[in-house]
Amino acid sequence: MMSKVFELIDRLESCHSLSVEEYRYLIDNYSDSAADYAAKKAVSLRHSIYGKDVYIRGLIEISNICKNNCLYCGIRRDNRECSRYRLSEEDILACCKEGYALGFRTFVLQGGEDSHFTDEVLCRLLVKIKELYPDCAVTLSLGERSRESYQRLHTAGADRYLLRHETADKDHYEKLHPSEMSFERRMECLQDLKEIGYQVGCGFMVGSPYQTSEHIAKDLKFIEEFKPSMCGIGPYITHQATPFADMPSGSFELTLYLLSLLRLIKPDLLLPATTALGTIHPKGRELGILAGANVVMPNLSPVSVRKKYELYDNKICTGEESAQCRQCLDRRINSIGYTIVTHRGDPKK
Ligand code: SAM
Ligand code: FES
């Protein structure tokens, strides 16, 4: 049985493709030795493309106001305990200024689906950021919008868009979201983003409620076929003020294993060691890099709002200043023999 796991990992390393059943076999037969084996191969593949470089992105959480009601999410519309905020254009530009001085060359503007951020508001902001920092990339992560909107934002300067697909299984999608959201719409958005020319990121939560190994296998197959530039995966972490308050959080070890498999599926993938990974394990981000990730996304949001962007319980880095987060991550990444680099961090071939 074990030998079949190793054989599939070898095949994934050379062909970057398996069937859904084979991915499922790899997940169902998880073991520490299989994870170590996959991690070694993932790291050597990553080294051949990215060396020991780790890319950083400055995450600016621009608003926690959201019209959506995703059942797992701490800032969902119906969470009355969440104290809402929205950053002004001035606030966001101040974050960029601080981030630039700290060596960030990518800014990620993330937030709930807040109707204040119309195309007009965002385009004006994008043009300003690009004028002030022409050597920087801007990533948006603002949920579902129309194709026309994605097009306008791209024309105004947005380079990348992160929209996790959340799950590649329609029935599972419907268990995680209220009926006003649709799996087909999510997939259509991802397709639109790609066709427009963004560097696109998709992704999913490991251990989300009702998730099975078959769902994860479908996620891996979807990622293999969609070929995103980036892929955000992290453990699902329970938030006490959501309908899933009684559901357990996802597995740290399985997340690391999946990071390794994703690296084998797409060797040049930009793969973050996420804040959620750092939240469920004190060395989560370092171990994520050692499993095959190559990106970290420290927080650049003003400290005054950080606790309010609480997607899940006990989120880390909510009390520190941006400069402290940057230094802390530098130390962490250096401690495992890697180096944070100061450039846009586009995918390499
Ligand atoms: N509104 C945008 C969107 O929907 O893409 C961006 C913000 S949304 C909060 C960013 C990501 O956070 C989601 O795609 C989801 O995967 C993740 N997330 C939300 N709740 C989470 C939880 N309880 N545990 C782990 N990750 C979570
Ligand atoms: Fe909108 Fe989570 S429900 S960001």
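The values are calculated or read from the model by the stated rules, or taken from the named source; none is laboratory data. Since this is a predicted model, take the numbers as computed values, not measurements. Counting neighbours? That spans all protein chains shown, and the Cβs are built from the backbone with ideal geometry, glycine included.
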Practice item. Would you be able to say whether some residue in region 262-277 is surrounded by 20 or more Cβ atoms within 10 Å (Cβ to Cβ) and free of Cβ contacts under 8 Å to residues at least 40 places away in the same chain? Key: yes
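In the list 30, 72, which residue meets the criterion of being touching a residue at least 24 places away in the same chain (Cβ under 8 Å) and under 21 Å from the mean Cα position of the chain (by Cα)? Steps first, answer last, please.
Numbers: 30 fails: under 21 Å from the mean Cα position of the chain (by Cα).
When all the criteria are applied, what remains is 72.
For the structure I just gave you, tell me whether residue 65 is under 30 Å from residue 82 (Cβ atoms), surrounded by 13 or more Cβ atoms within 10 Å (Cβ to Cβ) and either free of Cβ contacts under 8 Å to residues at least 24 places away in the same chain or out of contact with any His (no Cβ under 6 Å at 6 or more places or on another chain) (or both).
Details: under 30 Å from residue 82 (Cβ atoms): yes; surrounded by 13 or more Cβ atoms within 10 Å (Cβ to Cβ): yes; either free of Cβ contacts under 8 Å to residues at least 24 places away in the same chain or out of contact with any His (no Cβ under 6 Å at 6 or more places or on another chain) (or both): yes.
Against the criterion (under 30 Å from residue 82 (Cβ atoms), surrounded by 13 or more Cβ atoms within 10 Å (Cβ to Cβ) and either free of Cβ contacts under 8 Å to residues at least 24 places away in the same chain or out of contact with any His (no Cβ under 6 Å at 6 or more places or on another chain) (or both)), residue 65 qualifies.
Evaluate the following for residue 61: is it under 19 Å from residue 142 (Cα atoms), among the acidic types (Asp, Glu) and touching a helix residue (DSSP H, G or I) at 6+ places or on another chain (Cβ under 8 Å)?
Answer is yes for this residue.
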Exercise for review: Scan 127, 121, 108 and give me the residue that is β-branched (Val, Ile, Thr) and buried (at least 16 other Cβ atoms within 10 Å of the Cβ).
Suggested key: 108
Review point. Of the residues that sit in region 271-291 and are among the hydrophobic types (A, V, I, L, M, F, W, C) and over 20 Å from residue 337 (Cβ atoms), which one is farthest from the chain's Cα centre (by Cα)?
Key: 280
Point to revise | Matching residues in region 140-163 - criterion: being over 20 Å from residue 65 (Cβ atoms) and outside any loop (DSSP other than H, G, I, E, B) | key: 147, 148, 150, 151, 152, 154, 155, 160
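Could you identify the single residue in 172, 177, 215 that is surrounded by fewer than 24 Cβ atoms within 10 Å (Cβ to Cβ), within 19 Å of residue 141 (Cβ to Cβ) and either within 16 Å of ligand 1 (Cβ to nearest atom) or not charged (D, E, K, R) (or both)?
Details: 172 fails: within 19 Å of residue 141 (Cβ to Cβ); 215 fails: within 19 Å of residue 141 (Cβ to Cβ).
The unique qualifying residue is 177.
Within region 192-214, take every residue that is in a helix (DSSP H, G or I) and within 18 Å of the chain's Cα centre (by Cα) and give me the one that is nearest to residue 108 (Cα to Cα).
Filtering region 192-214 down to residues in a helix (DSSP H, G or I) leaves 192-196, 213-214.
Filter once more, keeping what is within 18 Å of the chain's Cα centre (by Cα): 193-194.
Numbers: 193: 16, 194: 18 Å.
Checked region 192-214; the qualifying residue nearest to residue 108 (Cα to Cα) is 193.
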**Study point:** Matching residues in region 112-159 - criterion: being out of contact with any Asp or Glu (no Cβ under 6 Å at 6 or more places or on another chain) and within 13 Å of ligand 1 (Cβ to nearest atom)
**Key:** 112, 113, 114, 115, 117, 139, 140, 141, 142, 144, 145
Check your understanding: Does residue 255 qualify as being more than 10 Å from ligand 1 (Cβ to nearest atom), outside any loop (DSSP other than H, G, I, E, B), touching a residue at least 12 places away in the same chain (Cβ under 8 Å) and more than 16 Å from residue 12 (Cβ to Cβ)?
Key -> yes
Revision key, fill the gap. Checking 90, 98, 81 in turn, the sole residue that is modelled with pLDDT of 95 or more and not in a helix (DSSP H, G or I) turns out to be 81
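Quick check on region 104-131: of everything there that is in contact (Cβ under 8 Å) with a residue 60 or more places away in the chain and in a loop (DSSP other than H, G, I, E, B), which residue is nearest to ligand 2 (Cβ to nearest atom)? Before the answer, list the steps.
If we filter region 104-131 for residues that are in contact (Cβ under 8 Å) with a residue 60 or more places away in the chain, which is where we start, we get 104-108.
Those left that are additionally in a loop (DSSP other than H, G, I, E, B): 104-105.
Working: 104: 23, 105: 26 Å.
Selected residue: 104.
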